[in-house]
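What follows is one structure encoded as structure tokens, with my remarks underneath.
Read the figures in this text as sums done on the coordinates, not as results from a lab. Bear in mind the structure is a predicted one, so any value in this text is a computation, not a measurement. FYI the Cβ positions are ideal-geometry reconstructions off the backbone, even for glycines, and counts take in every protein chain you see.
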Amino acid sequence: METEELKQLAERTRFMREAGIALLAASGLLGLFLLVPMPQRAASETETALASAKTSPAFTDVPVEAKAAIVYDLATGNTLYAKNADAQLPLASLTKLLTVYAALKELPPESLVTIPRTATTLDAPRIFKAGQRLSLSDLARLTLTASLNDGAAAIAEAAAVRSNRSESVLLASAAASLSLSQTYAMNGSGLDVNEAVSGGYGSARDLARLSGAFAQELPYIAEATTLPYAEASSADGASFTVKNTDPIISSVPHILLSKTGFTDLAGGNLSLVFDVGIGHPIAVVVLGSSKEARFTDGAALVAATLAHFAGVPSL
């Protein structure tokens, strides 16, 4: 009996010794685990936007009437200012940027585009006659500069026919290629479909990315949107001169792209891309402002951006 008790005691001692060693080993591993920096969870775009805005004094008191807006650093991917930047809102004629971008992925710039009769019945602004033919490049420059609905409709139809897809699928494909998760369109012009449905939807962040890609990949088209007027001729010799719909282009330094938009559903929209340094483009997008305030909103955000990079609270 005494021998059996000694055996049991020895067994319990061995078990406790082994358990102690295991516990020490586990403690060591835990210590190493705690010493190794844990990978940080990637901040969401909204969190990044808010953090960036909080650390930029230049944007603290900027008056913005728009429902949504963003100042997006296209060179770094940082958001300098955000107001409801991921909200999906009607785009109005900012949709035309997507239309032209999609078309120039399907057709060469020199392709002749025929104005269809259906395009000549759309709401103004419009300037073309049915059957007139212009190069895609010239038609795009006129269309974006003056926000022409007939030109946008003609471009969308020509690209859809070439790609053997519907216009909405064509535009969705272009949006997907740029990872624009909030953007889709039902027509190429952005005109309201009815009193409740817009021709195109997207977020300020998506439009900033689209505008940046457009300015980078299609600078020969984007440049026209930064000038007071655009001129072109049709294949039959008709000449066209259109005025820029953006009155603040001359006040934006090193401007690379400008596009306006306005419908009853959308309100006033504006997209700008400009350089704050050599190869340092910034996108400013305003959605859901008023017809007049979209320009004061845009100008205020441009000024705040310049102050931010100058390292001062305001200019």
Residue 123 neighbourhood, Cβ < 12 Å, K/R = +1, D/E = -1, net charge -2
To the nearest 20 debye, region 76-130 has a Cα-centred charge dipole, built from +1 on Lys and Arg Cβ and -1 on Asp and Glu Cβ, of 180 debye
Of the residues 214, 253, 311, the Cα lying farthest along the dipole of region 202-315 towards its positive end, which is defined by charges on the beta carbon of Lys, Arg, Asp and Glu, belongs to 311
Magnitude of the Cβ-charge dipole (Lys and Arg +1, Asp and Glu -1) of region 176-263 about the Cα centre, nearest 20 debye, reported as 240 debye
Under the 7 Å Cα-to-Cβ spin-label approximation, residue 197 and residue 309 lie apart by a distance in nanometres of 4.2 nm
Once phi for every residue in region 270-284 is put through the Karplus expression 6.51 cos²θ - 1.76 cosθ + 1.60 (θ = phi - 60°), the whole-Hz ³J(HN,Hα) values, with Gly and Pro written as x, are 7, 10, 10, 10, 8, 9, 9, x, 5, x, 10, x, 10, 10, 10
Ratio for region 45-310, C-alpha Rg to 2.2 N^0.38 Å, reads 0.95
Whole-Hz Karplus couplings 3J(HN,Hα) for region 175-185, θ = phi - 60° and coefficients 6.51, -1.76, 1.60, Gly and Pro as x, run 4, 5, 5, 9, 6, 8, 6, 9, 10, 7, 9
Amide H proximity to residue 89 below 5 Å, modelled H, separation 5+ or other chain, gives 202, 203
Violations at 28 Å Cα threshold for listed pairs 105/243; 67/259; 105/291 -> 105/291
A correct fewest-to-most ranking of 180, 148 by other Cβ atoms within 10 Å would be 180, 148
Along region 111-117, Karplus-curve 3J(HN,Hα) (6.51, -1.76, 1.60; θ = phi - 60°) to the nearest Hz, with x for Gly and Pro, reads 4, 7, 10, 8, 6, x, 4
